[in-house]
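Below: the structure, in structure tokens.
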Amino acid sequence: MPFKNEFWTTPNQLTLLRLFFIPFINICIVERRYHTALILLIIGGLSDGLDGLAARRLHQQTKLGEYLDPIADKLLLSSLFLVMSSTHMIAWRYTVMVFSRDLGILIISALLYTVGLRDFRPGLFGKINTACQIAAVFFVLLAKVYRDEWVWMTAHVLLYGVFAFTLASAIQYVFLTGQRLKKLQASKVEHA
């Protein structure tokens, strides 16, 4: 499917909708309009689930979507962590961990791409980490709207999970990348 056609698929349009919401969610947080930010975050989350479902059901998995979806997720989560830390909703240590891991993965992936490694799928801990990050920002925002102790406690437990799984997923990423690099080198030796 040509790039032009990939752009207009339903799943990719849903992903672009999520990208469109990112600045507005963050503006609402900065302006302390937490109800609106929470509603937009929920819509963004629903679009994330729907784009994957639509891609499978409509048989519209595209190369563009493979790159666009995780980019949208990372931009949403990274910007939320940054804005929530700058507005004192989340301690900076969590944001530093999230950004350090993501920046490290980005640099390593770019370097390994130059030697032919193309497999950068996340491991189990990476998926759990992303789920923890999504749940953490949701509950931190929910705590601003619905001031109940269980919401606040859930947000803090999830932030501890973010810290732990960010570290665990970074270690797993290095391990998986090492294995994938060995397979690539073995494959090159076989074909030489």
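Whether any residue in segment 49-59 is surrounded by 15 or more Cβ atoms within 10 Å (Cβ to Cβ), at pLDDT 70 or above, closer than 28 Å to Ala143 by Cβ and not polar (S, T, N, Q) is what I want to check. No, segment 49-59 has no match at all. Of Gly178, Gly126, all but one fail to be at pLDDT below 90, assigned to a helix (DSSP H, G or I) and within 19 Å of the chain's Cα centre (by Cα); the exception is Gly126.
Checked against the criterion of being assigned to a helix (DSSP H, G or I), closer than 30 Å to Phe24 by Cα and over 15 Å from the mean Cα position of the chain (by Cα), the candidates Val162, Val83, Val189 yield just one match: Val83. Here is the figure for segment 176-192: residues that are out of contact with any Ser or Thr (no Cβ under 9 Å at 6 or more places or on another chain) and in contact (Cβ under 8 Å) with a residue 24 or more places away in the chain total 5. Exactly one residue among Val115, Val157 is part of a loop (DSSP other than H, G, I, E, B) and surrounded by fewer than 16 Cβ atoms within 10 Å (Cβ to Cβ), and that residue is Val115. The number of residues in segment 97-123 that are within 15 Å of the chain's Cα centre (by Cα) and either closer than 15 Å to Ile29 by Cα or β-branched (Val, Ile, Thr) (or both) comes to 2. Of the candidates Thr154, Thr166, Thr95, the single residue that is among the hydroxyl-bearing types (Ser, Thr, Tyr), within 29 Å of Pro23 (Cβ to Cβ) and in contact (Cβ under 8 Å) with a residue 24 or more places away in the chain is Thr166. Taking the criterion of being surrounded by fewer than 17 Cβ atoms within 10 Å (Cβ to Cβ) and among the basic types (Lys, Arg), the only residue of segment 76-110 that qualifies is Arg93.
The values are calculated or read from the model by the stated rules, or taken from the named source; none is laboratory data. All of these numbers come straight from a predicted model, not from anything done at the bench. Cβ atoms come from the backbone with ideal geometry, glycine included; neighbour counts cover every protein chain shown.
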